[in-house]
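The values are calculated or read from the model by the stated rules, or taken from the named source; none is laboratory data. This structure is a prediction, so every number in the text was calculated from the model and none was measured. Positions of Cβ are generated from backbone atoms using ideal geometry, with glycine treated the same way; all protein chains shown enter the neighbour counts.
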């Protein structure tokens, strides 16, 4: 579909794509395109009308709330205070899957997520496998 849009929106491409059409065929295409444009304009006008009505209602409710001395939190309770935030849930850490000895001679573990630790990466580069470092239960 994007190639179709590219052709329609670039004069040279459109001219090249329609060079085999007669003037009558081009006029027929233009009539159909005008129909599509008119339909879209009607749809956009309807959307704008709906949005304007919505804004009128919002303003009316806002004035009524102000006159009554209320704010959004009074009406919606804590829902508005928590609207933009998700409850913070921390997942449990993954158990280690690999074990290796680092450059300082210390035994370390790795879950297998993220970048390979240097000793494991060096072993892989030398032809080894991650499986060589699997923790045996």
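Output the helices (runs of 4 or more DSSP H) that fall wholly within segment 25-137 and possess 3 or more residues being within 28 Å of the chain's Cα centre (by Cα), or say none. Full working, then the answer.
On the way: elements: 72-76, 78-81, 118-125.
In segment 25-137, 78-81 are the helices (runs of 4 or more DSSP H) which contain 3 or more residues that are within 28 Å of the chain's Cα centre (by Cα).
From the list 24, 30, 67, which residue is loosely packed, with under 10 Cβ neighbours inside 10 Å, assigned by TED's automatic domain parsing to the domain that holds residue 14, modelled with pLDDT of 90 or more and under 30 Å from residue 14 (Cα atoms)? Show your work before the answer.
On the way: 30 fails: loosely packed, with under 10 Cβ neighbours inside 10 Å; 67 fails: under 30 Å from residue 14 (Cα atoms).
Within the list 24, 30, 67, the selection yields 24.
Out of (1) free of Cβ contacts under 8 Å to residues at least 12 places away in the same chain; (2) loosely packed, with under 10 Cβ neighbours inside 10 Å, what's the single condition that is false for residue 35?
Going through the list (1) free of Cβ contacts under 8 Å to residues at least 12 places away in the same chain; (2) loosely packed, with under 10 Cβ neighbours inside 10 Å, residue 35 breaks only (2).
Residue 14: at negative phi, part of a helix (DSSP H, G or I) and touching a helix residue (DSSP H, G or I) at 6+ places or on another chain (Cβ under 9 Å), yes or no?
Numbers: at negative phi: yes; part of a helix (DSSP H, G or I): yes; touching a helix residue (DSSP H, G or I) at 6+ places or on another chain (Cβ under 9 Å): yes.
Spelling it out, residue 14 is indeed at negative phi, part of a helix (DSSP H, G or I) and touching a helix residue (DSSP H, G or I) at 6+ places or on another chain (Cβ under 9 Å).
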